[in-house]
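No value in this document is a laboratory result; all are computed from the given coordinates. Please read these numbers as outputs of a predicted model, since none were measured by experiment. Cβ: placed from backbone, ideal geometry, glycine included. Neighbour counts: every protein chain shown.
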Amino acid sequence: MQADNGNTDWAALVLRVRDHQDKAAFAALFRHFAPRVKAFLMKSGADAALAEECAQDVMATLWQKSHLFDPARASVATWVFTIARNRRIDALRKSRRPEPEDLPWGPEPEPDQAEVFEAQQDTDRLGAALSQLPAKQRALIERAYYGDLSHSEIATETGLPLGTIKSRIRLALEKLRQQMS
Amino acid sequence: MAYSAGDLPEAFNLVVATHVSLCDECRARLGAFDAVGGAVLSDADLAPMADDSLASCLDRIDMLPQATTRQPLQRAGCFPAPLADYIGGGPEAVKWRPLGMGVKQAMLRTGRDAVARLLYIPAGQAVPDHGHRGLELTLVLQGAFRDDSDRFGPGDIEIADEAVEHTPVAETGPACICLAATDAPLRFNALIPRLAQPFLRI
């Protein structure tokens, strides 16, 4: 499962879970993603025990919903992020999060390999782009995703005026967009 | 982006999910924001899992019911699926309450920190002149309305904050139906609506 550049092909592992209920593939996914999900949830304000519990939940959801994973649409990291985010909303807020309609044409039976490759590379390219952002902008983006903080709550905590935060986040996203194109 | 990060109150999430159902450009942007979330997650520090974690997760999986293919949400009339799911149907299923002058509204059950409601404005009718104390998102589902500066048709979303004072007017044609979310009460400029405000919950 190792690609030439040393990166694991996570999407292939998810497909093995989907098609063969492959526990070894799942274990590899678990070892990589579970500690990240746990850290993500702890940064969102969950204590270690709740984060452990929810991270297991998120990984169990990955197994259960592996048939919904569309490798042409999102990388595994992005997909795991959306599961973890929804779990966080359930756990910390106890509120519903309405989801948009699925696209009417639905997933194609055999996704185009080029598209799959492209979507799976996105996370790595975005990660590289993120790491090149100035520290301040990068910190704000991470806060917005991790912190479960609204922009105005970030303002209270960092002491930055709201306008500055919004423009920094916008600037940071703009830079990301340039690096991606 | 706040929707992607999961930071919005439920009422705003409903408006965003409904809008994204109607707008491919925003769907693409949402996908991009989710991807940034994926990258942030990938770069995350690691919090070591408990020793028996994988084993108990596999146990948990064995206990799970067989994956049920969730019934895809259904659109109902001019209501995209996420909204139809809240209402339990299309515009005909809404329990409207009259506000006077043919204007009707229905409050939706969402979290406490913001309020979502449907508005029904007959063609040509105006919603009383008002400003805003917080943020108001208004998504047009049917018909169209205009205010001093712009026109909003189906799928369009108006974002109003403290700086905006306006009198939206429904265009001629079919009645205008909107989904609106606010995180603070509206501020009406005339005395009568202001007196009625606590009773009407708008």
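Just to verify a number: FRET efficiency for residue A:19 and residue B:109, C-beta to C-beta distance, R0 = 41 Å, to 0.05? Show your work: numbers first, answer last.
Values: r = 40 Å, r/R0 = 0.99.
Approximately 0.50, to the nearest 0.05.
Across the range B:95-102, in residue order, what do the Karplus-derived ³J(HN,Hα) couplings come to in whole Hz, using 6.51 cos²θ - 1.76 cosθ + 1.60 with θ = phi - 60° and x for Gly and Pro?
The phi angles translate into 8, 6, 10, x, 10, x, 6, x Hz.
How do A:145, B:86, B:120 rank when sorted from fewest to most other Cβ atoms within 10 Å of their own Cβ? Don't skip to the end; give the middle numbers.
Values: A:145 27, B:86 20, B:120 23.
Listed from fewest to most nearby Cβ atoms, that is B:86, B:120, A:145.
Within the set A:65/B:95; A:65/A:136; A:38/A:65, which residue pairs have Cα atoms separated by over 25 Å?
Checking Cα-Cα distances, A:65/B:95; A:65/A:136 exceed 25 Å.
Taking 56 Å as R0, compute the FRET efficiency from the Cβ-Cβ separation of residue B:55 and residue B:172 and round it to 0.05.
0.25
So how much slack lies between residue B:24 and residue B:46, counting 0.36 nm per residue of separation and subtracting their Cα-Cα distance, in nm? Please report the intermediate quantities before stating the final value.
Details: separation 22, 0.36 × 22 = 7.92 nm, distance 3.53 nm.
That pair, residue B:24 and residue B:46, stretches by 4.4 nm at full extension.
What list of ³J(HN,Hα) values in whole Hz, one per residue of the range A:23-38 in order, does the Karplus curve 6.51 cos²θ - 1.76 cosθ + 1.60 (θ = phi - 60°) give from phi, with Gly and Pro shown as x?
6, 5, 4, 5, 4, 5, 4, 4, 4, 7, 8, 4, x, 6, 4, 4
In the neighborhood of residue A:16, defined by Cβ-to-Cβ distances under 12 Å, what is the net charge if each Lys or Arg adds +1 and each Asp or Glu adds -1?
That works out to -1.
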